[in-house]
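These notes concern the structure reproduced below.
Where a number appears in this text, it was derived from the coordinates with a stated rule and is not lab data. This is a predicted model, so every value here is computed, not measured. Virtual Cβ from ideal backbone geometry, glycine too; neighbours counted across all protein chains shown.
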Amino acid sequence: MSTKPLSDEQLEEYKKILVADRNKSLKIIKEITDFMKEGFAESSGDLGSYSIHQADNSSSVEYYNKQIYLLEKQQEKLKRINQSLEQIYDKTYGICQLCGKYIQPTRLRIIPFAKYCIECKTKEEKRHTSI
């Protein structure tokens, strides 16, 4: 467990990482929404006498459901990234939201938008799996 606050240089480094991650997430979100808009436009078009096989329709629905799932995951990630950027501005970044201790730098390098230290995250996961 880290016992000291992050330096301004470290905060700036994490800010760059988070901004890059945010840009990637925004790009993925745009690609998914653009694709879905195109797909919905095509599916609502007049196909005249063409019939759609039930299996084709089912796989399309399954694919769209996967895209919606990915979109929701990216939106959640974007939300956490934005919260982390706010914490950088407030100089509260890297502090576990459960125990108040500093999150290990190795954890922040892997998951720069982590809200919990490893110990608290482990406890949370155990709590959720026991429900």
Straight-line reach check, K30, cutoff 13 Å on alpha carbons, 8 or more apart in-chain or any other chain, hits among aspartates and glutamates -> E38, E72
For V61 and H128, extending 7 Å from Cα along the Cα-Cβ vector and measuring point to point gives, in nm, a value of 2.8 nm
Those trypsin sites (Lys or Arg not before Pro) from region 93-125 that are DSSP loop and have at most 14 other Cβ neighbours within 10 Å turn out to be none
Straight-line reach check, K91, cutoff 28 Å on alpha carbons, 8 or more apart in-chain or any other chain, hits among lysines -> K4, K15, K16, K24, K27, K73, K77, K79, K101, K115, K121, K123
Note, region 26-39: 3J(HN,Hα) by Karplus (6.51, -1.76, 1.60, θ = phi - 60°), whole Hz, Gly/Pro = x, goes 4, 5, 5, 4, 5, 4, 5, 5, 5, 4, 5, 4, 5, x
